[in-house]
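The values are calculated or read from the model by the stated rules, or taken from the named source; none is laboratory data. These numbers were taken from a predicted model, which means no experiment stands behind them. For neighbour counting, all protein chains shown are included, and Cβ atoms are generated from backbone atoms with ideal geometry for every residue, glycine included. Surface accessibility is based on the protein's heavy atoms, side chains included, excluding ligands, DNA and RNA. Shrake-Rupley method; radii C 1.70, N 1.55, O 1.52, S 1.80 Å.
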Amino acid sequence: MMTAKKTKINFILPFKPRRPAGGFRVMYEYANRLSARGYQVHLTFPIKTPYMEYRLPYIARYILSKIEGFSHDKWFEFLPDITMSYAPSVKDKYVQNADIVIATWWATALEMGSLSPSKGRKINLIQGFENWEGHEDLLHKSYNMLDTVNVVVASYLEKKVKHFTNNRVELIENGIDTGIYYVKDEIESRNPLSVAMMYSIQEIKGSKYGLEALGMVKEEIPELQVELFGISPAPDNLPEWIKYYRNPDALSDLYNRNAIFISNSFTEGFGLVSVESMFCGCALVGTDIEGHKEYAFDGKTALLVEPGNARMMADKIISLVRDNEYRIALAKNGNSYVQRFKWENAVDKMEGIIISLLKDL
């Protein structure tokens, strides 16, 4: 059996993101943590990925990749032994040889599926049911690539993927960095009138319904305090009673100074920010979607509402504000449940899959 120090792992990303993104952060965490365990880790960023909508033409993206290299937009701190490269596309002549190759997002995974065996044993990391832009036939095809293990981040995804393939499917729930996200400010002592929310311009995140709900709550409870955060500029005409933080440095502190966190998404693969908030002691009010229901059990670890129903979201927030004991109990139950989502557990499972793929080499 190969040892970690002799094993090269190549992570293939859909593109190089300039701002924080949950799916990329998961891949980066795996890269860092496997590197720390002695694996030789490389990251490949294709300049062209099929079915990807780009703001700039290919030649402009190519020139920028040469100018910027990997010195710009460092929103994630990589371990020093990790190497990186751009590739014109995910083709054999551009992709380095490795023992293991891991891709995420269906179009990137399909490209990975066509690589020769010299590029590594294949793992498709599935972080959501990625059907929001159509191409479901190709999405299902990405689950059926030859000699590829599908790794899913949630139990509902495991069921969905198994419905479309006989390939090996493994469940590895996402991890949270417990050295960053934990209860610093006592749950009992928080201002029950404080609410936090992630803001996104993506319609599937449902932020406009969250803002509408918060406005309803403010009308009934004028003392309400709200903090928003996100990677985009603040929304237009944001009321002065809502504070907005773009790319906050200390997100854990923001969670910790709020009593309630709301998530308005119409779809989530797993919902990292919701779990982070629960690790930090927030009571969660989230939409009743499959991704949330990995950890949000209505009335027990969270409160669930119909997606897009601002009135229902407002009523649930008000119920927690006005019943502080219930808010405290809900937050504590949620915090206790999510303790299972730790990076050590996730990396142990991923390493087990890697070892199983290499055992006959």
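Structure notes:
- The condition of being under 23 Å from Gln202 (Cα atoms), in contact (Cβ under 8 Å) with a residue 40 or more places away in the chain and open to solvent by 10 Å² or more (accessible area, probe 1.4 Å) does not hold for Arg37.
- Where Thr44 falls short, out of the listed (1) in contact (Cβ under 8 Å) with a residue 12 or more places away in the chain; (2) assigned to a loop (DSSP other than H, G, I, E, B): (2)
- Filtered by the rule that a residue be crowded, with 17+ Cβ neighbours inside 10 Å and more than 18 Å from Asn150 (Cβ to Cβ), segment 91-123 gives Val95, Ala98, Asp99.
- Tallying residues that are within 14 Å of Tyr199 (Cα to Cα), in a loop (DSSP other than H, G, I, E, B), among the small types (Gly, Ala, Ser) and at pLDDT 95 or above within segment 257-276 yields 1.
- Each residue in segment 200-228 was checked for being free of Cβ contacts under 8 Å to residues at least 60 places away in the same chain, open to solvent by less than 10 Å² (accessible area, probe 1.4 Å) and not in a helix (DSSP H, G or I), and 2 of them qualify.
- Some residue of segment 49-65 being touching a residue at least 12 places away in the same chain (Cβ under 8 Å), aliphatic (A, V, I, L, M) and either in contact with a strand residue (DSSP E or B) (Cβ under 8 Å, 6 or more places away or on another chain) or open to solvent by less than 30 Å² (accessible area, probe 1.4 Å) (or both): no
- Scanning segment 119-157 for residues that are within 20 Å of His42 (Cα to Cα) and either of a type in the set (Asp, Glu) or free of Cβ contacts under 8 Å to residues at least 24 places away in the same chain (or both) yields no hits at all.
- Residues that are of a type in the set (Val, Ile, Thr) number at least 3 in the following strands (runs of 3 or more DSSP E) confined to segment 64-129: 100-104.
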